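First up is the structure itself, then whatever we jot down about it.
Rule-based calculations on the coordinates, nothing more; no lab input. Worth saying up front: this structure is predicted, and the values here are computed from it rather than measured. Quick reminder, even Gly has a Cβ in these numbers, built from the backbone with ideal geometry, and neighbours come from all protein chains shown.
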Amino acid sequence: MTVREKIALFPHSPGVYRYYDAEGKVIYVGKAKDLHKRVAQYFVPPERLNTKTRILVSKIADAQYSVVDSEADALLLENNLIKQYKPRYNILLKDSKTYPWICVTGEEFPRVFITRRVDKGKGNRYFGPYSSALHARHFVDFFQEVYALRTCTLKITSDAILRGKLRPCLKMHIGKCKAPCLGKISRQEYQEGIDEIVRILSGRGGEVLRHYKTLMAEAAERLDFESAQKYKDRIATLERHYAKSIITQAADTNADVFSMVFDGGEAFGNFLRIRGGAIVQSLNLGFRSQIEEEKETLLATFIGEIEDKFGALSGEVIVPFLPDVDIPGVEFRIPQRGDKLSLLELSAKNAREFYAGSLRQREHTDPDSYKMSVMEDLRKALGMKELPRHMECFDNSNIQGTNPVASCVVFRDGVPSKKDYRRFKIKTVIGANDYASMKEVVNRRYARMLQENPEDLPQLIVIDGGKGQLEFAYQALLELDILDRVTVVGLAKRLEEVIRVGDPYPLFIDRNSQALRVLQQIRDEAHRFGITFHRNLRSKAAIHSALRDIKGVGEKTEQRLLLHYGSVARIAAAPLEDLSAQVGAELAMRIHDYLNNE
């Protein structure tokens, strides 16, 4: 039976399907609300599939499926099978590091500590994971401050305490431990503290606060001021800790929040678990997809991974868009305003920071790959066919029409190639006409390049300016008949709009994207280079002085006279004989007469 014949028999039920290659290796695992319809979407005419999916389909030698009761079960099974088989074409976790958990041991007198290894077989309870070890450390330090828990690894049992086999450590003497090893605290009292810690770690810190306030009031009523002060101190410490975590005005807010940032075949997600208006868990995860998955599928995969790590989701899940999965008892909500929208924006901010950090790390560890990634982002943003590995940017500079110049800077693979920079003095345009000046320099630049090295034309030309400058640059390229070989865009300074010829609407590229930053960098470099050239010309014009208007006085003669006399005024006052010794009698007479008759 062929693969097509086999998938024709797949049922119309929720489940998970698996594709195998000719060697019997699992190469893709997917979930579906309707197995038959979902799998049939792969086996359509090749021209209806994208390139990566066509490659996947060409490798399929066999297909199998597993039926489950619901989409939610399919999501969890898919997640487990991906971890088991690590299929080549699936969405794979990029971030494989282990995250810290807070462990509450199952001993008679439990310990609370941070660990990266989870072993639930010993009666231990684990809370987390935490994306920040510092956050977990703050929790443990807080518990130690309030409850003075033991930190030793002694096997403390009631029998060992009664037999007096245990000795106290220094922490007891300095008041950092309540010394259960000596029986200075009962098991029941010690366990009450552990129960409060578990409630706090479970996001029920508000309950603990209310309980302390009740106990404080009761102690004050019976004039037990020592106990009242103890509870007051605990309330102050707990409130100080929660002041750093409370993020919504509604203290009863309980929700899970997901957000994602997409970058080609990669996605960067952030998850926040909110309990009692406070963040109790936070996690960043990166995903890489070998085929072009829909963003709804990537979000569903992220949700499945979190559910696998943290257990059941909250009844309310806040998302930027709906995932392609339904989970019984879970309501997906896309907020439009209020506290819920603020939570989503906070999560999105974390996802963007995670993405930016990943790019910075890649730039440092693998600069070549990073550059190609940025070029690919720019190619997609501008709708180009080729990577813009060679980019050039033009900028005009003049002040009230004086010394009009233009600059051309060159970037190769996203970095400046200064040896290829060019400067232009405007030759055919009179006055301050930026449009005509832009057309002149673009024409001169590429007319010469077509003569000398036509293979080195840039893939992308950036014009510093608005629609006018872009239109005239476009005309120059049209006259040179190279528009089919290059892409030309304008970059307006005010709103960082990317302008394209013939498109009435500007293209807005994400302000946080590396693609826009490359465009800004090349634009700013062209501006800097042009301004420097213009400033030098103005300086020369200022030094030009009246001497250069005298027939026979060139730049070298002017420099020699100014170095010798110091100023034009001193040259005019110099004796004719002295001046003749510098430039000859005839030219000296001409200079003397000109400067003294002005």
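Quick look at the numbers
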read-out: The stretch 545-597 - Rg over Rh from alpha carbon coordinates, Kirkwood radius; value: 0.88
read-out: Residues with amide H under 5 Å from that of THR487, placed H, sequence gap 5 or more; value: LEU460, ILE461
read-out: Tilt relative to the chain, helix 71-85 - C-alpha long axis, 0 to 90 degrees, to 10; value: 70 degrees
read-out: Reachable aspartates and glutamates, given that their alpha-carbon falls under 12 Å from the alpha-carbon of LYS340 and they are not under 8 places away in the same chain; value: ASP256, GLU316
read-out: Alpha carbon convex hull of the stretch 255-362, projected area averaged over orientations, nm²; value: 6.9 nm²
read-out: Charge dipole magnitude, Cβ of K and R +1, D and E -1 - the chain, Cα centre, debye nearest 20; value: 1700 debye
read-out: Set of lysines near LYS178 by C-alpha distance (under 20 Å), chain-local residues within fewer than 8 positions excluded; value: LYS155, LYS165, LYS230, LYS232
read-out: Karplus-derived HN-Hα couplings along the stretch 183-199 (A = 6.51, B = -1.76, C = 1.60, θ = phi - 60°), whole Hz, x at Gly and Pro; value: x, 6, 9, 6, 4, 5, 5, 4, 5, 4, x, 5, 4, 5, 4, 4, 5
read-out: Solution diffusion estimate, µm²/s, Stokes-Einstein, the chain, Kirkwood Rh from C-alpha pairs, 4 °C, viscosity 1.567 mPa s; value: 42 µm²/s
read-out: Residue order, fewest to most surrounding Cβ atoms within 10 angstrom, among TYR19, TYR446, TYR435; value: TYR435, TYR446, TYR19
read-out: Highest to lowest packing among 137-147, 213-223, scored as the average C-beta count within 10 Å; value: 137-147, 213-223
read-out: Equivalent ellipsoid semi-axes, the stretch 17-77, via Cα gyration tensor eigenvalues times 5, rooted, Å; value: 21, 15, 9
read-out: Beta bridge orientation in the stretch 377-539: antiparallel %, DSSP, nearest 5; value: 70 percent
